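Engineer: For reference, the structure I am asking about is given below.
The values are calculated or read from the model by the stated rules, or taken from the named source; none is laboratory data. All values reported here derive from a predicted model rather than from experimental measurement. As a convention, Cβ positions derive from the backbone with ideal geometry for all residues, glycine included, and neighbour counts pool all protein chains shown. Areas reflect the complete protein model, heavy atoms only, side chains present, ligands, DNA and RNA absent. Shrake-Rupley method; radii C 1.70, N 1.55, O 1.52, S 1.80 Å.
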Amino acid sequence: MDLSYIINCLGEYENSEIPSIAPPLVQTSNFFFKNVEDFRKSLQDEKGNLIYTRGNNPTVEILNKKLATLEGTDEAITLSSGMAAISTAVIANVKAGEHVICVQKPYSWTYKLFVNLLSRFNVEYDFVDGKDIKNIENKIKQNTSLVFLESPNSLTFELQDLKAIATLCKSKNITTIIDNSYCTPLNQNPHKLGIDIVVHSATKYIGGHSDTIAGIICCSSSMMDKIFRNDFLNLGGIISPFNAWLLLRGLRTLQIRLEKIGKTTIEVVQFLEKHEKVTKVHFPFSENHPQYALAKQQMKAASGLFSFESKTKDISKIEKFCNHLKYFKMAVSWGGYESLVFPTCAYVNEDSEQLPINLIRLSIGLEESEVLINDLEEALTFI
Ligand SMILES: *Cc1c(COP(=O)(O)O)cnc(C)c1O
């Protein structure tokens, strides 16, 4: 199906009595029935019917249909945050006494989900360097039920070979989940490579305007039956209709935003790679990235998030550099219209020890590349 059709038309206008161009925002908590028979029939299947917005809502359904089609899965659901999507997908697929393998340096709250939350429910975990599939293979035990991937991860941009890991896990009956936030459904479709469940933080590029927190789970219908009917309805992480409506609006421009951001990012990366104050740039679509070949193989393009290491490890100099930037705002998150800087020296956390102190992450927004390069050039004089 043509990408512009999915983004602009799919799932819309179908049952609407009001011929509005913009999708209807159905801001309701519940739906009424005209007779007991219909009511009773619907209550037997919360997944397939409009009963209550914690399960289904027409505005959210438009979005879900588009996202499933973009990701190449039977179904998708949208949740109130990326973490709601991650925790719901994980909890639906582990039980006490089982073991999970997760890649090193995942998103910080994914790390804490295993270390602080699931450990209380007797789920064991191991974090491994996923660059080499052997590290995953070596940790697989009799009770391993889940492998959690993030490729590339969002601070050091290491990749995993998705097809090979999916094949390995399928042969051992282990469920695979990937956090695909970095790539968006436009630049990488892990389900097509055999990964069971694809999750996203839609807060990032899919929303794209730094005004909405949201998450997505994409998978087969049989897996979605399992996730939806129990854990999703129990955990209650549904998105509000209004935030789904904002995501539909963000989605309209996802392709053109990614194109523009992608172009600018390559120019900024090339500038930094040549700069004497920079020792290393971590960007999957640079020829200097150690996994460039794998990136080319499984990703259509990179996005606008990358990191670099400054020549100095002197925190006061790094602070001056960051404080001096005018166009890069200092903030967490990424994937919005605005460029951002996130220095790891500001990040003191239980999982931050493995990160170099001179690592600085940039998220490229919709500004012109010359403006951003000039801003960096000036600020780099402080390093
Ligand atoms: C932001 C982020 C998340 C969490 O998403 P929220 O929408 O903030 O809950 C998960 N994974 C990655 C890679 C992220 O950057």
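Engineer: How big is the charge dipole of region 91-148 about its Cα centre, in debye rounded to the nearest 20, if each Lys and Arg gets +1 on its Cβ and each Asp and Glu gets -1 on its Cβ?
Structural biologist: In debye, rounded to 20, region 91-148 gives about 120.
Engineer: With the dipole of the chain worked out from charges on the C-beta (+1 for Lys and Arg, -1 for Asp and Glu) around the Cα centre, which of Leu355, Ser303, Thr59 lies farthest toward the positive end?
Structural biologist: My answer, from the dipole projection, is Leu355.
Engineer: Here is a follow-up. If you restrict to DSSP beta bridges whose two residues both lie in region 144-268, what percentage is antiparallel, to the nearest 5? Provide the component values of the computation, followed by the final result.
Structural biologist: Values: 4 of 12 bridges.
Rounded to the nearest five, the antiparallel share is 35 percent.
Engineer: Next up: What number, in nm² with one decimal, is the all-direction average of the projected area of the convex hull of the alpha-carbon atoms of region 180-226?
Structural biologist: Working: hull surface 13.9 nm².
Averaged projected area of region 180-226's Cα convex hull equals 3.5 nm².
Engineer: Calculate the dipole size of the chain relative to its Cα centre from +1 charges on Lys and Arg beta carbons and -1 charges on Asp and Glu beta carbons; express the result in debye to the nearest 20. Could the numbers behind the result be given before it?
Structural biologist: Details: 39 positive and 44 negative charges, 83 e Å.
Here the chain has a charge dipole of around 400 debye.
Engineer: A follow-up question, please. Based on the alpha carbon coordinates of the chain, what radius of gyration and maximum Cα-Cα distance (Dmax) apply, in Å?
Structural biologist: Rg, Dmax (Cα atoms, Å): 21.5, 74.
Engineer: While we're looking at this one, here's another question. Largest first and in whole Å, give the semi-axes of region 110-174's equivalent ellipsoid, each being the square root of 5 times a Cα gyration tensor eigenvalue. Working shown, then result.
Structural biologist: On the way: eigenvalues 75, 58, 16 Å².
Sorted largest first and rounded, they come to 19, 17, 9 Å.
Engineer: So for the chain: antiparallel DSSP bridges make up what percent, rounded to the nearest 5?
Structural biologist: Numbers: 24 of 43 bridges.
If I count the DSSP bridges inside the chain, around 55 percent turn out antiparallel.
Engineer: Could you work out which residue, out of Ala166, Ala89, Ala22, moves most in a Gaussian network model of the chain, that is, has the largest mean-square fluctuation with Cα springs under 10 Å?
Structural biologist: In the Gaussian network model the winner is Ala22.
Engineer: Just for the Cα atoms in region 199-260, what are the lengths along the principal axes, largest first, rounded to whole Å?
Structural biologist: Computed over region 199-260, the largest-to-smallest principal extents equal 40, 22, 14 Å.
Engineer: I've got another one for you. At 1.4 Å probe radius, can you tell me the per residue accessible area of the chain in Å²?
Structural biologist: Working: 17150 Å² over 383 residues.
Roughly 45 Å² per residue, with all protein chains present.
Engineer: Using alpha carbons only, how many angstrom separate the centre of region 256-326 from the centre of region 71-106?
Structural biologist: Centre-to-centre (Cα) distance: 28 Å.
Engineer: Once you order the gyration tensor axes a ≥ b ≥ c over the Cα atoms, which shape class does region 141-269 get: rounded for a/c under 1.5, otherwise prolate or oblate by comparing a/b with b/c? Don't jump to the answer; show the numbers that get you there.
Structural biologist: On the way: a/c = 2.41, a/b = 1.25, b/c = 1.93.
Oblate is the answer for region 141-269, as a/c is 1.5 or above yet b/c matches or exceeds a/b.
Engineer: If all Cα-Cα distances of region 292-383 are sorted into 5 Å bins from 0 onward, what percent lands in each bin, rounded to whole numbers?
Structural biologist: 3, 13, 22, 23, 18, 13, 7, 2, 0
Engineer: Let me ask something else. If r is the Cβ-Cβ distance from Tyr292 to Lys112 and R0 is 35 Å, what FRET efficiency results, to the nearest 0.05?
Structural biologist: Details: r = 31 Å, r/R0 = 0.89.
It comes out at approximately 0.65.
Engineer: Now for a different question. Helix by helix, which DSSP H runs in the chain go 27 Å or more along their axis at the Cα atoms and have an average Kyte-Doolittle hydropathy of -0.5 or more? The partial results should precede the final answer.
Structural biologist: On the way: long enough: 254-274 (30 Å, 0.03).
What comes out of the filter, once short or polar helices are dropped, is 254-274.
Engineer: Expressed in whole Å with the largest first, what are the equivalent ellipsoid semi-axes of region 1-114 derived from the C-alpha gyration tensor as the square root of 5 times each eigenvalue?
Structural biologist: Each semi-axis is √(5λ); the values are 32, 22, 12 Å.
Engineer: What is region 204-327 by shape, rounded, prolate or oblate, if you read a ≥ b ≥ c off the alpha carbon gyration tensor as root eigenvalues and call it rounded for a/c under 1.5, prolate for a/b larger than b/c, and oblate otherwise? Could you put the intermediate results ahead of the total?
Structural biologist: Working: a/c = 2.21, a/b = 1.85, b/c = 1.19.
Verdict is prolate for region 204-327.
Engineer: Now a separate question. Cross-link candidates for Lys317: which lysines have Cα within less than 24 Å, leaving aside residues fewer than 8 places away along the same chain?
Structural biologist: Lys274, Lys277, Lys280, Lys326, Lys329
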